[in-house]
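J.: I'd like to ask some things about the structure below.
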There are 2 protein chains.
Amino acid sequence: MKRYSLGLDFGTNSCRSLIVDLENGQELASRVDPYPSGQEGIFLNPKDPNIARQNAEDYLFSMRESVRGAIDRAKNADSSFDPTRIIGIGIDTTGSSPMPVDEEGLPLSQIHEFEGNLDAMVWLWKDHSSFAEAARITELAAEKRPQFLAKVGGIYSSEWFWSKILHCKNVSPEVFQAAHSFVEICDYIPAVLAGNTKPDSIIRSICAAGHKALYSETWGGLPDKEFLSGLNPDLVELRDRLYSKAVSSDQLAGYLCKDWAENLGLEPGIAIAVGAFDAHMGAVGAGVKEGTLVKILGTSTCDIMVSPREKGLADIPGVCGIVDGSVLPGFLGIEAGQSAVGDIFLWFVHHLVPDSYGRTVDDKFKNLEREASRQKPGEHGLLALDWNNGNRTILVDVRLSGLLIGQTLHTQAHEIYRALIEATAFGALTIINRIEEYGVTVNEIINCGGLAAKNPFLLQIYADITGRPMKVSKSDQTCALGAAIFGAVAAGPEQEGFKTVEKAQQAMTGIREVYQPDKNNHVVYKDMFELYRQLHDAFGTSSWSGSLYHVMKALIYLRERQRQED
Amino acid sequence: MKRYSLGLDFGTNSCRSLIVDLENGQELASRVDPYPSGQEGIFLNPKDPNIARQNAEDYLFSMRESVRGAIDRAKNADSSFDPTRIIGIGIDTTGSSPMPVDEEGLPLSQIHEFEGNLDAMVWLWKDHSSFAEAARITELAAEKRPQFLAKVGGIYSSEWFWSKILHCKNVSPEVFQAAHSFVEICDYIPAVLAGNTKPDSIIRSICAAGHKALYSETWGGLPDKEFLSGLNPDLVELRDRLYSKAVSSDQLAGYLCKDWAENLGLEPGIAIAVGAFDAHMGAVGAGVKEGTLVKILGTSTCDIMVSPREKGLADIPGVCGIVDGSVLPGFLGIEAGQSAVGDIFLWFVHHLVPDSYGRTVDDKFKNLEREASRQKPGEHGLLALDWNNGNRTILVDVRLSGLLIGQTLHTQAHEIYRALIEATAFGALTIINRIEEYGVTVNEIINCGGLAAKNPFLLQIYADITGRPMKVSKSDQTCALGAAIFGAVAAGPEQEGFKTVEKAQQAMTGIREVYQPDKNNHVVYKDMFELYRQLHDAFGTSSWSGSLYHVMKALIYLRERQRQED
């Protein structure tokens, strides 16, 4: 008899529901519903481009629509489909995306007093307004608790839990005061489905806690009160109202409650897995295992690896986090990433591409790609840094920006488009090199996420620049698939699910295609990467000192050589 | 009785004819005719963006059209206008724009054998293909004839006479072999009008010779044969077929010949002044005198000053040239410039501005300007280098490129447009600072050229960045006006013209308006200029060594401060 799992993937702009066959990973139906409020689901402040907030109600609205829609589609696709055969639900979300809640777990943004107050909403992962607080946390930890920083790459980010809470305290003390607790979205949604959002009883994700909230069992959970008091005395009291325990996503968060079963058109009592971040579950859906780097290529990028707990692992400077159990139980989860990848291309197409490339965004992308793919590496004479949204790994610095060098009076939009793709690939290679320098060997790279599914041109450039084959995950929606896998594992064999994540991966994941590197291109890109590294270090590190006189000249030389080769 | 002079201005893309009343400088009629062949008059090679050539026949075709058209317009404007009252003709052209000619002065491009051969055409001023030869000339001169370099800013440019001839010899020996001589366009056109193009009898311009061909009476004219033989033995023989004397534009090049009088619809025998470059005559038309910096703002920019011969003048490193009599007789002419200004804006609008700013180039410019003018300095967080076409002054280096830093995921086209204008203003300030450092005081700045006439937004930014008032010349076409002034001086009092250039300037030039600097903006721009100088030195000078870690951070800080000030 067929068994299914439901994966729910809460992205930056929409919620996706995916119904998967546990026998073979076949994706029976999926549906995406955009968040209804804000600008594509995001609340911005024109005065401060650092701010990005969300409305928690949007998640619930879109979840309801997309689950119901997916069930309808599954029925249309297979008339024998029976929703009662869905045995597990897994949830992944963006993060760190915390929000303040009251004692009942009600988001403060839903309380009349805080209506329209951006600080009472969900502080979306890419909100960078807390950069000063992040610097303060880094400073204090460097002095008092270096072990905290060692596990998060040496620098605490403005994108993370404590930075956001401390900034909330600083800029909206009334919101902070009213907050009984702060809850990550990946913990909030399973709690809503399980019918109990009381902050004290919410099961918290080790993925969010470990990677973003400085949680580790080795130092007794969240940061100690003495440390927190050094940041702000009010955090001491808050600590008691957060959590003392966080667990892996193979664990149960609860069972689907009656109200939400009705909302979604499902049976009550379905097993709900503990939530985790999209990238981590995406890595599982892509088939992550020891030696595999999974790249989730989307608006931003997450790079995920795992290393067996018993092997031990050195701290890797600049890598976002190393957390026991955050990806697979029994493995240390390694998370790195680039703050903007697809977002850079979208920015460019929306703001700097004339209509001669097409009327719609899709047409523009298509024509940019067609023109850019006719060029050889270096032929455009350009080089870019991929820091339009700061640099997450390996510099962990949001106060960086984009850079483009090499433009002439003849430079065209598709040439810049190619340079921007290359910049993100150089950024990707910088991360691979850093991880390998610290003893973790990358045997294969599996790509997933939106850009992997629809951008062969980008994948070929990534292969050429890294000099490594780029594999693409069989699934187009690995995050939701990973969530479904955890739903099936949370259900366990007793409810016809899986005993381990590995067994579920074997049944449900795979590779669709492989892009092989071109050796000639790789040789040219090696020279360009050397220039990229010099710009990277010159603008991104305080220790660098040197000359850049050769950079423009080297790019011009390369351009001339590549053009003359025809 | 009315007296008129005819100014002929041969620009990069078109020829302009201007008929001016000698009594008051009133511009009776003008007409512009684009060159009929090439891409907007320019022959390009897609394999090598350094190449830019022209067809000498285009000059004659467009001259004929535009003079006849201007006469018709003058008649329409004033029924009493009598073309026989045109007493002088002056000619200005781009340069260094030399071409190979045969013994009769026929351009080689008009000989069947060389049809379609780009190397047999006019090597347009902005042709940069001769960079290697320029480097070789600089190297040899630095070793053997440092006095040559001292007068051209320390570096011999790829845009100049000898670089182009030597490159022609290297890449097209058959063209070089066939060339009896090489003639600058500013010498060729007066010779055509005077009816004698034999290379040996053409009167050569001191402006072209002194600024571009290393000509100086102090070392006996053109570079000596020993020096030339060090570049290439074949140049030694060529030297004898070039010229041994060059003169100022107050001198006569000849009198209008019968054929060309007929072609143009004029009387034979009109005085023709010796030609000069557009910027130098433009400076005269704008009213240049001691202490006045004239900026000719167009696709590129020329900065012209004069200093009395008897005062003497130190060599100024990086300034294109200091030549006795090249602007005004009795004064040392100082020429500096930026390789691209308007060209950078045109490049940006053509290639990187979406149609949301408008369908036409004009609409795009209008809307970019409207949006950009609403911002405060630094609010966009951007900084650019104005080197898309290399840097003429003060680095004298074509192997440089554009650079843009500070872009986020929210940066819009009008913000980049503003940053590009600012970059050219920072470049302008760098030139002013260099000239003043060497003892030439800038008391006033007069702007002319296309951008001065139609871009108040740009002029205000220039005033704010330099902290100096920006005056705008009364005439929109100062180059043609300057040419007309020289025509009237060449005619002299005996033919009802002027005795001196100064007297003609007093009668015929003036100021239309003045842009005053905003003090608050200037303070912000001082900080930005400091960052510009650091990038300038880091990428443009071999001696610089240091850190750039602060640059992105400083721009972000400035952006935040300026946005919060509302």
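J.: Which condition number in (1) crowded, with 20+ Cβ neighbours inside 10 Å; (2) within 14 Å of chain A (Cβ to nearest Cβ); (3) of a type in the set (A, V, I, L, M, F, W, C) is the one that B:A483 fails?
T.: Among (1) crowded, with 20+ Cβ neighbours inside 10 Å; (2) within 14 Å of chain A (Cβ to nearest Cβ); (3) of a type in the set (A, V, I, L, M, F, W, C), B:A483 violates only (2).
J.: Within region B:435-454, track down each residue that is without any contact (Cβ under 8 Å) to a residue 12 or more places away in the chain and part of a loop (DSSP other than H, G, I, E, B).
T.: Those that are without any contact (Cβ under 8 Å) to a residue 12 or more places away in the chain and part of a loop (DSSP other than H, G, I, E, B): none in region B:435-454.
J.: May I ask you to verify whether B:V323 is assigned to a loop (DSSP other than H, G, I, E, B), over 20 Å from B:N13 (Cα atoms) and either within 14 Å of chain A (Cβ to nearest Cβ) or in contact with a strand residue (DSSP E or B) (Cβ under 8 Å, 6 or more places away or on another chain) (or both)? Walk me through how you get there before you give the answer.
T.: Details: assigned to a loop (DSSP other than H, G, I, E, B): no; over 20 Å from B:N13 (Cα atoms): yes; either within 14 Å of chain A (Cβ to nearest Cβ) or in contact with a strand residue (DSSP E or B) (Cβ under 8 Å, 6 or more places away or on another chain) (or both): yes.
No; evaluated as a whole, the condition is false for this residue.
J.: Right, another one. Go through (1) closer than 29 Å to A:I334 by Cα; (2) modelled with pLDDT of 95 or more and name the single condition A:H211 misses.
T.: Exception for A:H211: condition (2).
J.: Quick check, is B:G95 closer than 30 Å to B:V341 by Cα and crowded, with 19+ Cβ neighbours inside 10 Å?
T.: Values: closer than 30 Å to B:V341 by Cα: yes; crowded, with 19+ Cβ neighbours inside 10 Å: yes.
Here the answer is yes, as B:G95 does meet what is asked.
J.: With respect to B:A283, is the statement that it is within 20 Å of B:A504 (Cα to Cα) and modelled with pLDDT of 95 or more true?
T.: Here the answer is yes, as B:A283 does meet what is asked.
J.: For region A:393-407, check the following and say yes or no: at least one residue is surrounded by 20 or more Cβ atoms within 10 Å (Cβ to Cβ), more than 7 Å from chain B (Cβ to nearest Cβ), under 30 Å from A:P317 (Cα atoms) and of a type in the set (G, A, S).
T.: no
J.: Is it true that some residue in region A:525-544 is more than 29 Å from A:I155 (Cβ to Cβ) and either within 14 Å of chain B (Cβ to nearest Cβ) or of a type in the set (G, A, S) (or both)? Give the steps one after another, and end with the answer.
T.: Narrowing region A:525-544 to residues more than 29 Å from A:I155 (Cβ to Cβ): A:527.
Of the ones still in play, those that are also either within 14 Å of chain B (Cβ to nearest Cβ) or of a type in the set (G, A, S) (or both) are none.
Taking every residue of region A:525-544 in turn, none turns out to be more than 29 Å from A:I155 (Cβ to Cβ) and either within 14 Å of chain B (Cβ to nearest Cβ) or of a type in the set (G, A, S) (or both).
J.: Further question on the same structure: I'm told B:S249 meets every condition in (1) in a loop (DSSP other than H, G, I, E, B); (2) more than 21 Å from B:G482 (Cβ to Cβ); (3) among the small types (G, A, S) except one. Can you identify the failing condition by its number?
T.: The single condition B:S249 does not satisfy is (2).
J.: Give just the number: which of (1) touching a residue at least 40 places away in the same chain (Cβ under 8 Å); (2) more than 16 Å from B:L429 (Cβ to Cβ) does B:N520 not satisfy?
T.: The number of the failed condition is (1).
J.: For region B:469-549, give me every one of the helices (runs of 4 or more DSSP H) that falls completely inside it and has 3 or more residues that are of a type outside the set (S, T, Y) and within 24 Å of B:G381 (Cβ to Cβ).
T.: Working: elements: B:478-491, B:501-508, B:519-540.
Of the helices (runs of 4 or more DSSP H) lying wholly inside region B:469-549, those with at least 3 residues that are of a type outside the set (S, T, Y) and within 24 Å of B:G381 (Cβ to Cβ) span B:519-540.
J.: Identify, from the list A:N24, A:N55, A:N45, A:N76, the residue that is surrounded by fewer than 24 Cβ atoms within 10 Å (Cβ to Cβ) and either among the hydrophobic types (A, V, I, L, M, F, W, C) or within 14 Å of chain B (Cβ to nearest Cβ) (or both). Quick ask: steps written out before the conclusion?
T.: Working: A:N24 fails: either among the hydrophobic types (A, V, I, L, M, F, W, C) or within 14 Å of chain B (Cβ to nearest Cβ) (or both); A:N55 fails: either among the hydrophobic types (A, V, I, L, M, F, W, C) or within 14 Å of chain B (Cβ to nearest Cβ) (or both); A:N76 fails: either among the hydrophobic types (A, V, I, L, M, F, W, C) or within 14 Å of chain B (Cβ to nearest Cβ) (or both).
Criteria check complete, one pass: A:N45.
J.: Moving to a separate point now. For the condition acidic (D, E) and surrounded by fewer than 21 Cβ atoms within 10 Å (Cβ to Cβ), what is the one hit in B:D250, B:D187, B:D200? Spell out the reasoning first.
T.: Details: B:D250 fails: surrounded by fewer than 21 Cβ atoms within 10 Å (Cβ to Cβ); B:D187 fails: surrounded by fewer than 21 Cβ atoms within 10 Å (Cβ to Cβ).
That would be B:D200, the only listed residue that is acidic (D, E) and surrounded by fewer than 21 Cβ atoms within 10 Å (Cβ to Cβ).
J.: Can you confirm whether region B:327-336 contains a residue that is assigned to a strand (DSSP E or B), touching a residue at least 40 places away in the same chain (Cβ under 8 Å), closer than 17 Å to B:H536 by Cβ and within 14 Å of the chain's Cα centre (by Cα)? Give the derivation first.
T.: First, pick out the residues of region B:327-336 that are assigned to a strand (DSSP E or B): B:331-336.
From what's left, touching a residue at least 40 places away in the same chain (Cβ under 8 Å): B:331, B:333-336.
Filter once more, keeping what is closer than 17 Å to B:H536 by Cβ: B:336.
If we keep only those that are within 14 Å of the chain's Cα centre (by Cα) as well, we get B:336.
Yes, there is a match, as at least one residue in region B:327-336 is assigned to a strand (DSSP E or B), touching a residue at least 40 places away in the same chain (Cβ under 8 Å), closer than 17 Å to B:H536 by Cβ and within 14 Å of the chain's Cα centre (by Cα).
J.: Something else now. A:I155 versus (1) surrounded by fewer than 24 Cβ atoms within 10 Å (Cβ to Cβ); (2) at pLDDT 95 or above: which is the lone unmet condition?
T.: (2)
J.: Which of the residues that make up region B:357-374 are over 29 Å from the mean Cα position of the chain (by Cα) and within 11 Å of another protein chain (Cβ to nearest Cβ)?
T.: Filtering region B:357-374 for residues over 29 Å from the mean Cα position of the chain (by Cα) gives B:357-359, B:371, B:374.
Matches in region B:357-374: B:Y357, B:G358, B:R359.
J.: If you don't mind, another one. Specify which of the listed residues (B:P377, B:P354) is away from chain A (no Cβ under 14 Å) and more than 30 Å from B:G25 (Cα to Cα).
T.: Numbers: B:P354 fails: away from chain A (no Cβ under 14 Å).
Matching residue, one of B:P377, B:P354: B:P377.
J.: Let me ask you something else. Looking at region B:288-304 only, could you name the residues that are of a type outside the set (V, I, T) and either surrounded by 24 or more Cβ atoms within 10 Å (Cβ to Cβ) or under 20 Å from B:F10 (Cα atoms) (or both)?
T.: Here is the first cut: in region B:288-304, the residues of a type outside the set (V, I, T) are B:289-291, B:293, B:295, B:297-298, B:300, B:302-303.
If the condition is that a residue be of a type outside the set (V, I, T) and either surrounded by 24 or more Cβ atoms within 10 Å (Cβ to Cβ) or under 20 Å from B:F10 (Cα atoms) (or both), then B:L293, B:K295, B:L297, B:G298, B:S300, B:C302, B:D303 are the ones that fit.
J.: Checking A:N389 against (1) out of contact with any strand residue (DSSP E or B) (no Cβ under 7 Å at 6 or more places or on another chain); (2) surrounded by fewer than 24 Cβ atoms within 10 Å (Cβ to Cβ); (3) at the interface with chain B (Cβ under 10 Å from one of its Cβ atoms); (4) in contact (Cβ under 8 Å) with a residue 40 or more places away in the chain, which test does it fail?
T.: Among (1) out of contact with any strand residue (DSSP E or B) (no Cβ under 7 Å at 6 or more places or on another chain); (2) surrounded by fewer than 24 Cβ atoms within 10 Å (Cβ to Cβ); (3) at the interface with chain B (Cβ under 10 Å from one of its Cβ atoms); (4) in contact (Cβ under 8 Å) with a residue 40 or more places away in the chain, the lone unmet condition for A:N389 is (2).
The values are calculated or read from the model by the stated rules, or taken from the named source; none is laboratory data. Bear in mind the structure is a predicted one, so any value in this text is a computation, not a measurement. Backbone-built Cβ (ideal geometry, glycine too); neighbour counts: all protein chains shown.
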